[in-house]
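Student: Mind looking over this structure? Questions follow.
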Amino acid sequence: MTRQTWTALVSALVFVLLAVALVVIPVPFVTWGPGSTRDTLGAVDGKPIIEVQGIATHPTSGRLDLTVVSVTPAGARLSLPQALLAYWLPHRDALPLDSVYAPGKSAAEVQAEDADMMSTAQDDAVVAALRSDGQPVTALPAIFSVTVGGPAHTKLLPGDLVLAVDGVPTEDQDAVSRQIRAHKPGESVTFTVVRQRREQEVAVPTVVSTTQEGVPVVGITLGTGYRYDPRISFELGQRIGGPSAGLVFALAIYDKITAGELLAGRHVAGTGSITPDGEVGGIGGIQEKIAGAEDAGASVFLVPASNCDDLAGVRTDMTLVRVATLRDAIGALETLQQPDGAARVPRC
C-alpha cells in the first residue's frame, strides 16, 4: 500500500474511534423536559388512581392531571450527541448531573427518596382534603423511625400512632418523651398504638442513652401522624416520585368527597407540594410541566404562588392560576365555573 493509502486508513480508523467514543463515553449531564400527565380522577387498568372508601363520594367530571418532568433516570448516563440534542430541542434542556442528583447517591437511594416523598405527599394530601371538607382529623405523635438493633426494633414500627404511654394519653411528641423519661433505664414502657387502624399495646424495655448520661431511651424518633375514618388509596400505575403531585391529589380527593363537580367538565392540570394544613409549596420544572400539560390538552394550569417568578418567557393559551393554599385552588376552580370567572381568578 502507498503512503497515501495508509494515511487514509489511519485517518478513517481515528475518525471511527472518535465517533464511537462520542456515542459510548457518557457525559455528566441529564436531559430535562416535559413529561407525561396522569388524570387523577381516572383509572389505570380499570382501578381508580385514587380510591375513596368509608365516606360518601360524589360524581366528578373533567380531567385533573398531575404533571411530571421527563428526566434521565438516576444511574443512567447521556452521550454527548444526546446531550446536545436535548440542549437544542424546544422545551428540553441538558442540565449538569449534580444539579439534579446529589453526588454520591446511588440510583437505589434516589428512587427510595423519591418514593418516600411521594408517599408523604399522598398522606398530606389526604389530610388536607379531609380538613378542607370539615371531616374530623386528629393529629397524634407517630413513630418516625426505629433504631435497628435498639429496644424498640421489631416492636414499634414507623407509622405507628401513639395514643398513650403507660396508660397516660399522649397528645404530642413531648408527652411521649416525658413518659419515657419518667422511667429508670431497664424498666419497660407500654405503648398504646394504632397500627393498620387497630389499637394494640406494645411493651418496650428502656436502655441508657448513649448521648445523655442516665437518660432512658427506647430507640425511636417521633413525628406527627393523623387519624381519620376514611380509607383512601392510590394506584398510579407507574413509578412517579417526589412531592409535587400533592396539590392535585388533594383536589382530586376533595372533588370526590364533596357534592358538585369542581371541574365542571374542564381539563385542569397543576403542580405543587401540599402540607397537612393545605399550604401549597413550590416545585422544580414548572415550565416543563406547563408545556407537558398544554400538549395533553389542558385549558387551566394551577401554579404554586412561589413559582410565578419562574415563568419568564412562557407562552401558553392555558389559564395560569396562582394558588398559595388548597383553599385558593378550590376557590379558583369554583370561580371558573362562572361566565366571567377566567377574568377574576388570580393569575401569575
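The values are calculated or read from the model by the stated rules, or taken from the named source; none is laboratory data. Quick caveat, the model's predicted, so the values are computed rather than measured. So basically every Cβ, Gly included, is an ideal-geometry build from the backbone, and we count neighbours across all protein chains shown.
Student: Report, by residue number, each residue of the range 200-241 that is more than 13 Å from residue 125 (Cβ to Cβ) and in contact with a helix residue (DSSP H, G or I) (Cβ under 8 Å, 6 or more places away or on another chain).
Tutor: Correct list: 206, 215, 216, 217, 218, 222, 223, 224, 239, 240, 241.
Student: Give the range 136-153 a look and list any residue that's among the hydroxyl-bearing types (Ser, Thr, Tyr) and either at pLDDT below 95 or under 21 Å from the mean Cα position of the chain (by Cα) (or both), or say none. Break it down into steps so the answer makes sense when it comes.
Tutor: Taking the range 136-153 and keeping what is among the hydroxyl-bearing types (Ser, Thr, Tyr), we get 138, 145, 147.
Of everything in the range 136-153, just one residue is among the hydroxyl-bearing types (Ser, Thr, Tyr) and either at pLDDT below 95 or under 21 Å from the mean Cα position of the chain (by Cα) (or both), namely 145.
Student: Also, quick follow-up: Which of the numbered conditions does residue 123 fail, given that it passes all the others? Conditions: (1) charged (D, E, K, R); (2) without any contact (Cβ under 8 Å) to a residue 40 or more places away in the chain; (3) surrounded by 13 or more Cβ atoms within 10 Å (Cβ to Cβ).
Tutor: (2)
Student: Among 196, 179, 173, which is the only one that is under 27 Å from residue 115 (Cβ atoms) and either touching a residue at least 60 places away in the same chain (Cβ under 8 Å) or surrounded by 14 or more Cβ atoms within 10 Å (Cβ to Cβ) (or both)?
Tutor: It is 173.
Student: Could I ask something else about it? In the range 73-111, which residue that is of a type in the set (A, V, I, L, M) and assigned to a strand (DSSP E or B) is modelled with the lowest pLDDT?
Tutor: Kept after step one, since they are of a type in the set (A, V, I, L, M), are these residues of the range 73-111: 74, 76, 78, 80, 83-86, 89, 94-95, 97, 100, 102, 107-108, 110.
Those still in the list that are assigned to a strand (DSSP E or B) too: 78, 94-95.
Details: 78: 69, 94: 73, 95: 75.
Looking at the filtered set, the residue picked out is 78.
Student: What's the number of the condition residue 284 fails, among (1) farther than 16 Å from residue 131 by Cα; (2) without any contact (Cβ under 8 Å) to a residue 60 or more places away in the chain?
Tutor: (2)
Student: OK, next. Here is a list: 46, 62. Which entry is in the same structural domain as residue 264 (by TED's automatic domain parsing), modelled with pLDDT of 75 or more and in contact with a strand residue (DSSP E or B) (Cβ under 7 Å, 6 or more places away or on another chain)?
Tutor: After applying the criteria, what remains is 62.
Student: Next up: Kindly indicate whether residue 328 is assigned by TED's automatic domain parsing to the domain that holds residue 46, more than 27 Å from residue 52 (Cα to Cα) and of a type in the set (D, E, K, R).
Tutor: Details: assigned by TED's automatic domain parsing to the domain that holds residue 46: yes; more than 27 Å from residue 52 (Cα to Cα): no; of a type in the set (D, E, K, R): yes.
So residue 328 fails the test.
Student: A follow-up question, please. Quick check, is residue 244 crowded, with 22+ Cβ neighbours inside 10 Å and polar (S, T, N, Q)?
Tutor: In short, yes.
Student: Would you tally the residues in the range 34-72 being in a loop (DSSP other than H, G, I, E, B), buried (at least 18 other Cβ atoms within 10 Å of the Cβ) and charged (D, E, K, R)?
Tutor: Result for the range 34-72: 0.
Student: Of all the strands (runs of 3 or more DSSP E) wholly in the range 138-215, which have at least 1 residues that are not aliphatic (A, V, I, L, M)?
Tutor: Once the strands (runs of 3 or more DSSP E) in the range 138-215 are filtered for at least 1 residues that are not aliphatic (A, V, I, L, M), what remains is 138-146, 188-195, 198-205.
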